[in-house]
Amino acid sequence: MTTPTFRPRRLAAAVAALCALGAGHAYGAAFALQENSGSGLGNAFAGGAAFTEDVSGMWSNPASLSKRMTMEAAGALHIVTPSIKFRDEGSAPAFSQPLGGTGGDAGSTALVPNMYFAVPINRQWVFGLGINAPFGLVTEWDGDWLGRFQAVKSEVKTINVNPAISWKPTDNLAIGVGVNWQRIDAEFTNRVNYSAALVSAATAPGSPIPSPVVPGIIASTPGLQSSAKVEGDDDAWGWNVGILWDIGPNTRLGASYRSEIEYEVRGNASFDHPVPTVPPALAGAVGGLSNVINNGFLYNGGIKADITLPAIVNVSIFHRLNDRWDVMGDVQWTGWSSIPVLNFVRTDGPLSGQSLSNTPENFDDAWRVSVGANYRHSDRWMFRGGVAFDQSPVNTTDRTPRLPDEDRWWFSFGAQYKYSNQLKFDGGFTYIQSSDASMNQNAGNQNASGLIKGNYEAYVTIFSVQATYTF
């Protein structure tokens, strides 16, 4: 047949409607990391804003620095291992594609470090510095799983540097304030249904492909897939403030606020496209369609996305019952509604300024409630325990396979060993059980992305160790 004349912009628009990049679901679940203290983990981080046992408490409340009478340093390492498995209950394949498997276990082990340091200036003022990772996720499904057109790999990493200072205007009241420099790095991958893209371009308004030729294109190009990757980074500033009130010798209240952090993530979208092998009579038509797709829409280039990470408010209480027992509890609010939508916008090429993907997230603000206790067995040994309920901000309609989140329960225990008056060690373990997360998701277009229908089963284990040295 005669090689047709293509109008790339008109056909690219049709491909765009079909093949919105799945990486737009990057933040399809809560991705906060609570693991910011090795000693606090044993209590499920209960009473965080009233925690004054060591310098790691400055993350939850900068006013806790007021309790550091001499220089102190703490370092912690958390081994976080999630397990996320999908149970298929009626999923459907994308157009011209096999269904695929259930994806294996998308969880993988991540190491989360923390470091803290405090220096008293005088009896009223203490300076502190904390370095940690407050947000992050790592999930990776099998490359041929049934949801590959919506997500394969999702990785978010952050680092937060938090200098802070506390002021003690009276013996029983302290105020703390800090600034936060935070950096985010992200990478998301998925497959793109190239077979569907070819047919969408061939049948778009203004396409020069005659209708009788389309069935031959469909028959000659089944199972074609592109690989897609979006990666980007940015750094931004925020602030935090807290107050600590010793109501009496055995009871204290703490409250803290962490600001939102606004990012303009910039990076690149890249694609690895297949080369269709078709009968010679279709080579001109399919080659023209591939050129439109590869260079008119699914082309390598820059992207950006505006993302506002949420504010956090915590109110906590700590009470010493007697020489053996302490109890503590807290309520925490996280403003996840700061992420209503994720819009990845092209920054160059023929579609500069247009959305590569625009995904509604509609996160809800979420609450976390926890209680805990300490038992001092001896001068050297102390044992901890805690339970927490952690509400998910993700609604069922907008849940995606990037990190399929649901409400969860924390069950924690830990121990502390005082090696000397200067050196102590903490260890802890947490088991987190999530409720089953149902999904009925086609990412807006079943032809392009298939249908993921079923339930996710997830749990997390966390092992933490911390060393604290008082100079």
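The values are calculated or read from the model by the stated rules, or taken from the named source; none is laboratory data. Source: prediction; values computed, not measured. Cβ placement follows ideal geometry from the backbone for every residue including glycine, while neighbour counts extend to all protein chains displayed. SASA here: full protein model, heavy atoms, side chains in, ligands and nucleic acids out. Shrake-Rupley method; radii C 1.70, N 1.55, O 1.52, S 1.80 Å.
Results, tabulated for the structure shown:
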quantity: Within region 272-297, considering residues that are at pLDDT 95 or above and in contact with a Phe, Trp or Tyr (Cβ under 7 Å, 6 or more places away or on another chain), the one nearest to Gly232 (Cα to Cα); calculated: His273
quantity: Any hit, region 338-357, residues being farther than 19 Å from Phe271 by Cβ, of a type in the set (A, V, I, L, M) and open to solvent by 10 Å² or more (accessible area, probe 1.4 Å); calculated: yes
quantity: Boolean, Val278 is in a strand (DSSP E or B), in contact (Cβ under 8 Å) with a residue 40 or more places away in the chain and among the β-branched types (Val, Ile, Thr); calculated: no
quantity: Of all residues making up region 200-227, the number that are surrounded by fewer than 24 Cβ atoms within 10 Å (Cβ to Cβ), in a helix (DSSP H, G or I) and touching a residue at least 40 places away in the same chain (Cβ under 8 Å); calculated: 5
quantity: Residue check, Pro360 open to solvent by less than 70 Å² (accessible area, probe 1.4 Å), within 25 Å of Glu231 (Cβ to Cβ), touching a residue at least 40 places away in the same chain (Cβ under 8 Å) and under 17 Å from the mean Cα position of the chain (by Cα); calculated: no
quantity: Qualifying residue in region 150-164 (condition: among the small types (Gly, Ala, Ser), open to solvent by less than 30 Å² (accessible area, probe 1.4 Å) and closer than 30 Å to Glu457 by Cα); calculated: yes
quantity: Ala285 vs. criteria closer than 16 Å to Asp348 by Cα and either open to solvent by less than 40 Å² (accessible area, probe 1.4 Å) or in a strand (DSSP E or B) (or both); calculated: no
quantity: Which numbered condition Ser337 fails, given (1) farther than 25 Å from Leu309 by Cα; (2) out of contact with any helix residue (DSSP H, G or I) (no Cβ under 8 Å at 6 or more places or on another chain); (3) of a type in the set (Gly, Ala, Ser); (4) outside any loop (DSSP other than H, G, I, E, B); calculated: (1)
quantity: Qualifying residue in region 82-99 (condition: open to solvent by 40 Å² or more (accessible area, probe 1.4 Å), basic (Lys, Arg), in contact (Cβ under 8 Å) with a residue 60 or more places away in the chain and at negative phi); calculated: yes
quantity: Candidate set from region 342-386 (those that are in contact with a Pro (Cβ under 8 Å, 6 or more places away or on another chain) and of a type in the set (Asp, Glu)); member that is farthest from Arg408 (Cα to Cα); calculated: Glu361
quantity: Flag if Ala255 is of a type outside the set (Ser, Thr, Tyr), part of a strand (DSSP E or B) and more than 24 Å from the chain's Cα centre (by Cα); calculated: yes
quantity: Failed item in (1) within 15 Å of the chain's Cα centre (by Cα); (2) buried (at least 17 other Cβ atoms within 10 Å of the Cβ); (3) part of a strand (DSSP E or B); (4) not β-branched (Val, Ile, Thr), with Leu111 passing the rest; calculated: (2)
